[in-house]
Amino acid sequence: KTFNFPHYLWNTVVLIIGIWIVQMLVTTIAAYSLSKLKPPGHQIILFMFLAALMVPGIALMIPKYMILQNFPLFGWNLLDSYWAFWLPAGANAFNILLLKTFFDGIPNDLIDAATIDGATELRTFWQILLPLSKPILATLTIFIFLGVWNDFMWPYIVITTTEKQPLMVAIYNSVFNSSVFAQNDVMAAITIAIIPPIFVFFALQENITRGITLTGLKG
């Protein structure tokens, strides 16, 4: 039996796309709210995010597992599904704080000018902040990609169906099933597995390194 590299690669791509969508949606809106809207109690919220960074990720695995086993209010069992990755992905305190810090550097004069022109908060967020945030969003994309690509423990615990496993877990299982998979296929998969992260980095490095230049403001 040969190692089905395209199948497990596709599983990983599905995980990455889902987590990217959830994180971009949640982190950008949360960071915009904390940076520009400043709701009541936003300093307490920031403190809670900072406190969350002090907790080791591995210590959160058991609570997350129990929550996903019996999802609150609905009673759904989300284990052995990609929702077990997508839903918890939005609560990334580091990415929210990183994006919030970047938004703080965007002058409020741009926001005020858009408001005077009649732009809503949603339009300001979509047409002003996000286009100016391409460098930091590219950086977050790399963080998300590498985090999912290299993640092993959580998918190994949550995904029990072999056909649903991402690439790294599948490679690990195949190494310890030498009687099932040909070892030359496994070694080839390990070698090929290092190519996508390198490709993504070079594809996005221009947006990361060029920085950001704010225009349209006159002193």
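The values are calculated or read from the model by the stated rules, or taken from the named source; none is laboratory data. Quantities reported herein were computed from a predicted structural model and do not represent experimental measurements. Every residue, glycine as well, gets a Cβ built from its backbone with ideal geometry; the counts of neighbours run over all protein chains shown. Protein only, heavy atoms only, side chains kept; ligands, DNA and RNA dropped before computing areas. Shrake-Rupley method; radii C 1.70, N 1.55, O 1.52, S 1.80 Å.
Once the C-beta distance of ILE44 and ASN4 is scaled by a Förster radius of 45 Å, the resulting FRET efficiency is 0.35 to the nearest 0.05.
Amide H to amide H, with H built 1.01 Å from N, PHE3 comes under 5 Å of ALA182, counting only residues 5 or more places away or on other chains. Computed over protein heavy atoms with a 1.4 Å probe, the carbon and sulfur contribution to the accessible area of the chain reaches 69%.
With N set to the number of residues, divide the alpha-carbon radius of gyration of the chain by 2.2 N^0.38 Å and report two decimals. Show your work: numbers first, answer last.
Working: Rg = 20.6 Å, N = 219, 2.2 N^0.38 = 17.1 Å.
Here the answer is 1.21, to two decimals.
In this label model, ALA52 and GLN69 are separated by 2.3 nm, measuring between points 7 Å along each Cα→Cβ vector.
In order along the range 101-111, the Karplus-derived 3J(HN,Hα) couplings, from 6.51 cos²θ - 1.76 cosθ + 1.60 at θ = phi - 60°, round to 4, 5, 4, 4, x, 7, x, 5, 4, 5, 5 Hz, and Gly and Pro are given as x.
So what's the range 5-118 giving for Rg/Rh, alpha carbon basis, Kirkwood Rh from the mean inverse pair distance? Before the final figure, lay out the partial values.
Working: Rg = 17.5 Å, Rh = 16.4 Å.
Ratio value, two decimals: 1.07.
Taking amide H positions as modeled 1.01 Å from N, with prolines and chain starts lacking one, the residues under 5 Å from TRP76 and 5 or more places away or on another chain are PHE71. Taking 7 Å steps out from each Cα toward its Cβ at ASP104 and ALA59 produces label points 2.5 nm apart.
Classification of the range 111-163 by its C-alpha gyration tensor yields a prolate form. The axis ratio a/c (a ≥ b ≥ c) is 1.5 or more, and a/b outweighs b/c. The length gained on full extension between ALA203 and PHE94, counted as 0.36 nm times the residue separation minus their Cα-Cα distance, comes to 36.9 nm. In order along the range 85-100, phi translates into HN-Hα couplings of 9, 5, 5, x, 5, x, 8, 10, 4, 4, 5, 5, 5, 5, 5, 4 Hz, rounded to whole numbers, per the Karplus curve 6.51 cos²θ - 1.76 cosθ + 1.60 with θ = phi - 60° and x for Gly and Pro. Here the range 23-57 is scanned for amide nitrogen atoms under 13 Å from the site 7 Å beyond the Cα of LEU122 along Cα-to-Cβ, giving none.
Put a dot 7 Å past the Cα of GLU163, heading toward its Cβ, do the same for LYS134, and the two dots end up 4.1 nm apart. Entry comment: accessible area of the chain is 60 Å² per residue, from protein heavy atoms only and a probe of 1.4 Å. For the chain, the relative contact order comes to 33 percent (Cα pairs under 8 Å, sequence separation of at least 6).
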